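So the structure is just underneath, and the comments pick up after that.
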Amino acid sequence: MSKDVAEGNVLELTGITKRFPGVLALDTVDMVFRKGEVHALVGENGAGKSTLMKILSGVYQADSGTILFSGGSVVFRNPSQAQDAGIAIIFQEFSLIRTFTVAENVFLNREPSGLAGFKDMRTARKETGNLLREIGFDLDPDARIEDLTVVQQQVVEIVKALSITATVLIMDEPSAALTDKELKNLFGIIRVLKARGVTIIYISHMLQEIFEIADRATVMKDGETIGTKNICETTKEELIRMMVGREIKDFFPASVRTRKEELLSVSGLRKGRKLDGVDFSLHAGEILGIAGMAGSGQTDLAKALFGVEAADSGEIKVLGKTLNIKSVRQAIGAGIGYISEDRKNYGILGPMAVRVNITVADLGRFLRGGVLSGKKEREEANKKIGELGIKVAGMNQRADTLSGGNQQKMLIARWLLKKPRIFIIVEPTRGIDVGAKTEIYRIMRALVESGSGILMVSSDLPEVIGISDRILVMRSGRIEGIIDQSGGLTTEERIMSLAVGHDYSFSEGIPS
Amino acid sequence: MTKIPTLKEMVYAAGKPERLVWIILSILIVVSLVASPLFSGLDNLRNVFLIQPVGLGLAALGQTFIVLAGGIDLSVGSVISLLTSLAAGIFQKYPLMHPLLMVAIMLGLGAAIGAVNGIIVARLRVTPFMATLAMMLIYQGLALFYAKRTIGGIPRSFRFIAEGSVLGVPMSIVLFGFIIALCHIVLVRHRFGAKVLAVGSDPNVSALSGIDVGRTRFLSYLFGGMLFSCAAIFLAARMGGGGPKVGVGYDLDSITAIVIGGVSLSGGTGNVLGAFGGVLIISVFYNLMNLLSLNSFLQILLKGLILIVAVAFTSCKKQG
């Protein structure tokens, strides 16, 4: 069997199938990658993109199907084999050893070595320096990873991939941590590579990026390929339709705009250098969005209100009563609920059952004579699973096997048991796929309509605009402006100009 | 009014853990010199810096590689007991055996024991703590089974390893110095060392980079086991015998020493020279307690205290 890829192609996948216990992750996937193209791979979380890329890079092996790679059929048993063949991958989670230097990471497990396996770090450092210069980035090969910024780490990832002299470079969500300016740098690098004939497989949720950099895009859904489009012949709306099978119009539920009594009022809140006198109020029936550039005090405000890192001074009134919130217990007692953006570490109890995850914050009410009543607990968990439409195999399913969207719903369910009037939700849909986002928005809307108020911190501007009744824009620890959306939706430009403190246009890039 | 620095600030002021070891050691030496006039005696200094640290040092070096790769070995003590007992026992049976053959046998047994630990951890996927806790009992049982009590009869030719000297330099120091240098170079300059540190830092990332994590862990136990056998060789040579209680205390002492020396128990961080510094600290500390003739129960209590302070310092550093 001496089959080879067709002229102009570098990689052809046919019938790739991969099954995990209980899930068909990839279902006879076909895909063709051309030499020297930027090929975007899009789809909701769980569509199978990352699994497919892990098969291409030797982390997983396909159950069936063939991979034709310039020269013939290949099967990669481990990442080194894929690297040796010329397929490099930049993983979604950084794959760098934090305590190692740049050069040590770039050549990890591929150290140039001389006599008896002793490393030749001088060559490694020199090569790393050359590669860094090549992509126009000034970085010390001897710097330790933990001392670098996220962007610099990203550069190290790229250099590591480049050092493999790849013919195919896979980038799994490379832009997640980058600002606009840095993204432009990355795109510059991609264009250079492309000109050299490297094929780039680019995975991203950000359609805007894909339309800027990609030549073609393949949409995946539920482990299947839906189709491949030339970027110049398609639109965002078409790609989204292919991804979710529904129009983007009904993405955000309409607000009924029934602002009722004041739930929370904050004045003169200060905390170190992070909060510099914050005043605002939150009413029942409204979603109050908090926007701003990263690190402008949004999360510090949320943490101060929930007592995670209490404020130094200032007044917090809940339902007219002045409170001195110094701990999370006090905040919960005052009727405040908090959902962190870091679900994995500050949200779900991964290995435990969905049932426990829902009831754990309020076990007291399931006690009968001092003993936990399993029946009452199960009933309540079941009720919440139904109410919020949490998709589970059963209430005893492990929480960490749920999708991001269902984990988020489960956390909302947990808080609902405590019936807080004030919800603080940070990045409510981070890492949640498009379809589930809509459901989260609908639940948030339903919550405020039933008399709660939501304080939402989000860095996703379309989300802030789409769901908020009012928007607080923060800049260096202060509230720079409050935008009331009852007269119509605002624009991203308006928010950005408040957030950076001067007239802002996307062409200038973000001042750092 | 000057502000009293917090613990964290003090750790910062002292700088990197690598440097911290030597600062603590210097302070401890000064304290010892002041506290006991006996400390500065030539024989005592020789004991503290040239003899005592060798056995513990070799055990700590093995422990260092294992811990750096993300494991731990609680069986060191009973491994040393078993190996010294075997050395003495075999010499009793074959008194004319060439000492180098015995060294080879010991190294082979150490490697085999390390390999067993490594297989249990890397292949059977038993957590290092439980695996080596269980193996500690097994090796201790074997040692007691083989030798009810201390056995003498190690020939003079073998004792040369600990007692002899070349060109006026004690043999033990020549060998120990060579082994430290070798371990340092392996860790810093060899691909094996890079793999050990990478696996200990982040096994997932290492696997994605194509490193065989299980194999690296296994090899760290194998290498560690050989260093433990070096400790057993030295102790047998020094005492002229072996027995089922010879290694008592070496497990915790080796861990305490390397933690003080800046080796992180969560793996990936630390180096050989720091670990050696930690060994010297333990040696001086024990010596000082003996010189002051502290109650032996108090000594045990203080050991526990040091262990906690050492670990708290490193975790304090990490959060800073």
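The values are calculated or read from the model by the stated rules, or taken from the named source; none is laboratory data. Given the structure is predicted, the values throughout are model-derived calculations rather than measurements. Heads up, the Cβs are rebuilt from the backbone with ideal geometry, glycines too, and the neighbour counts pull from every protein chain shown.
Things worth noting here:
- Residue in the stretch A:285-302 that is over 30 Å from A:Phe20 (Cβ atoms), free of Cβ contacts under 8 Å to residues at least 12 places away in the same chain, among the hydrophobic types (A, V, I, L, M, F, W, C) and not assigned by TED's automatic domain parsing to the domain that holds A:Lys18 present: no
- Selection over the stretch A:193-226 of residues that are part of a strand (DSSP E or B) and of a type outside the set (D, E, K, R) gives a count of 11.
- Test: residue in the stretch B:216-225 that is within 11 Å of chain A (Cβ to nearest Cβ), in a helix (DSSP H, G or I) and in contact with a Lys or Arg (Cβ under 9 Å, 6 or more places away or on another chain): yes
Matching residues to (1) modelled with pLDDT under 80; (2) of a type in the set (A, V, I, L, M); (3) surrounded by 14 or more Cβ atoms within 10 Å (Cβ to Cβ):
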{"site": "A:Pro462", "(1), (2), (3)": "no, no, no"}
{"site": "A:Arg470", "(1), (2), (3)": "no, no, yes"}
{"site": "A:Ile483", "(1), (2), (3)": "no, yes, yes"}
{"site": "A:Ser486", "(1), (2), (3)": "no, no, no"}
{"site": "A:Leu489", "(1), (2), (3)": "no, yes, no"}
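Conditions (1) within 12 Å of the chain's Cα centre (by Cα); (2) among the β-branched types (Val, Ile, Thr); (3) closer than 22 Å to B:Phe49 by Cα, marked per residue:
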position: B:Leu227; (1), (2), (3): yes, no, yes
position: B:Ala236; (1), (2), (3): no, no, yes
position: B:Gly261; (1), (2), (3): yes, no, yes
position: B:Asn287; (1), (2), (3): no, no, yes
position: B:Leu302; (1), (2), (3): no, no, yes
position: B:Val309; (1), (2), (3): no, yes, no
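- Test result for B:Phe178, under 24 Å from B:Gly77 (Cβ atoms), of a type in the set (Phe, Trp, Tyr) and more than 7 Å from chain A (Cβ to nearest Cβ): no
- Taken together, A:Gly289, A:Gly314, A:Gly285 contain a single residue that is at pLDDT 90 or above, over 26 Å from A:Glu463 (Cβ atoms) and surrounded by 15 or more Cβ atoms within 10 Å (Cβ to Cβ), which is A:Gly314.
- Inter-residue pairs, beta-carbon under 6 Å, first farther than 10 Å from B:Gly225 by Cα and in the stretch B:103-126, second surrounded by fewer than 20 Cβ atoms within 10 Å (Cβ to Cβ) and of a type outside the set (A, V, I, L, M), 6+ apart: B:Ala122/B:Gly214
- Residues in the stretch A:431-459 that are within 11 Å of A:Ile290 (Cα to Cα), within 17 Å of the chain's Cα centre (by Cα) and crowded, with 18+ Cβ neighbours inside 10 Å: A:Met456, A:Val457, A:Ser458.
- In the set A:Glu233, A:Glu212, only one residue is free of Cβ contacts under 8 Å to residues at least 24 places away in the same chain and surrounded by fewer than 18 Cβ atoms within 10 Å (Cβ to Cβ); that residue is A:Glu233.
- Residues of the stretch B:189-206 include none that is touching a helix residue (DSSP H, G or I) at 6+ places or on another chain (Cβ under 9 Å), hydroxyl-bearing (Ser, Thr, Tyr) and more than 24 Å from A:Phe118 (Cβ to Cβ).
- As a summary of the residue check, A:Ile158 satisfies the conditions (1) touching a helix residue (DSSP H, G or I) at 6+ places or on another chain (Cβ under 9 Å); (2) within 18 Å of B:Lys195 (Cβ to Cβ); (3) not in a loop (DSSP other than H, G, I, E, B); (4) not basic (Lys, Arg) except for the one numbered (2).
- Top-ranked residue of the stretch A:71-101 - restricted to ones that are farther than 13 Å from A:Ile55 by Cα and among the aliphatic types (A, V, I, L, M), ranked as nearest to the other protein chains (Cβ to nearest Cβ): A:Ile97
- Unique match (being touching a Leu at 6+ places or on another chain (Cβ under 6 Å) and buried (at least 24 other Cβ atoms within 10 Å of the Cβ)) among B:Ala232, B:Ala275: B:Ala232
- The sole residue among A:Ser70, A:Ser50, A:Ser113, A:Ser80 that is small (Gly, Ala, Ser) and in contact with a helix residue (DSSP H, G or I) (Cβ under 6 Å, 6 or more places away or on another chain) is A:Ser113.
- Residues satisfying the stated conditions in the stretch A:292-307, i.e. more than 18 Å from the chain's Cα centre (by Cα) and of a type in the set (A, V, I, L, M): A:Leu301, A:Ala302, A:Ala304, A:Leu305
- Among the residues of the stretch B:112-126, the one identified as buried (at least 16 other Cβ atoms within 10 Å of the Cβ) and in a loop (DSSP other than H, G, I, E, B) is B:Val126.
- Residue in the stretch B:81-95 that is surrounded by fewer than 24 Cβ atoms within 10 Å (Cβ to Cβ), at pLDDT below 95 and not in a helix (DSSP H, G or I) present: yes
- Any hit, the stretch A:158-178, residues being of a type in the set (D, E, K, R), more than 17 Å from A:Lys35 (Cβ to Cβ), crowded, with 21+ Cβ neighbours inside 10 Å and assigned by TED's automatic domain parsing to the domain that holds A:Ile87: yes
- Within the stretch A:110-134, the set of residues being out of contact with any Leu (no Cβ under 7 Å at 6 or more places or on another chain), more than 14 Å from chain B (Cβ to nearest Cβ) and buried (at least 17 other Cβ atoms within 10 Å of the Cβ) comprises A:Glu127, A:Thr128, A:Gly129.
- Among the residues listed as A:Lys54, A:Lys49, A:Lys35, the single one being over 25 Å from the mean Cα position of the chain (by Cα) and basic (Lys, Arg): A:Lys35
- Any pair with Cβ under 6 angstrom, 6 or more apart, that starts in the stretch B:255-273 at a residue that is within 14 Å of chain A (Cβ to nearest Cβ) and ends at one that is surrounded by fewer than 24 Cβ atoms within 10 Å (Cβ to Cβ) and part of a loop (DSSP other than H, G, I, E, B): B:Gly268/A:Thr99; B:Thr269/A:Thr99; B:Gly270/B:Ser264
- Odd one out for B:Gly200 among (1) touching a residue at least 24 places away in the same chain (Cβ under 8 Å); (2) part of a helix (DSSP H, G or I); (3) away from chain A (no Cβ under 14 Å): (3)
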